[in-house]
1. At 1.4 Å probe size, with the rest of the protein present, what percent of the exposed accessible area of the chain is carbon and sulfur atoms?
2. On a straight-distance basis, which lysines could pair with residue 68 in a cross-link, Cα separation under 28 angstrom, same-chain partners fewer than 8 positions away excluded?
3. Averaged per residue, what accessible area in Å² does the chain show with a 1.4 Å probe, protein chains only?
4. Go through (i) 17.6; (ii) 19.5; (iii) 14.8 and flag the label whose value is the computed Kirkwood radius over Cα pairs in Å for this structure.
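The values are calculated or read from the model by the stated rules, or taken from the named source; none is laboratory data. Note that the structure is a prediction, hence the values are computed from the model and not measured. For accessibility, only protein heavy atoms count, side chains too; no ligands or nucleic acids. Shrake-Rupley method; radii C 1.70, N 1.55, O 1.52, S 1.80 Å.
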Amino acid sequence: MCENATTFVGAKKELTDFHQLFCTLQFQDTITKDAARDGIEFRFIPPRSPNFGGLWEAQVKSFKGHFKKTVGLRTLSVDEMQTAVVQIEAVLNSRPLTPVSSDSSDFKALTPGHFLVHR
């Protein structure tokens, strides 16, 4: 149940249209052919078992932890939200994965950011 505001009425219409589109065999066939052409294979982890998700679920947990500690219950503007997300992304992409060399006096480490900037 929700209020009868124009936004919700419009959203209901859009969702109904999307549902009808997704239910058509032509649309499902197109998605299947495109996925096969691009070599995409859909595999799912069991429902309600994020521990099967491995690394990506650990990253989601890390992001959520940083986000909740930073933002809390505050309502953010779009710019504030974007800034918070980008800063959390920077923190997560700068965490060390492994040392670059075996020299104990070398403190440089390989980070996810190195893969993003190709250096």
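1. C and S fraction of accessible area: 62 percent.
2. Result set, ordered by chain and number: empty.
3. 90
4. (ii)
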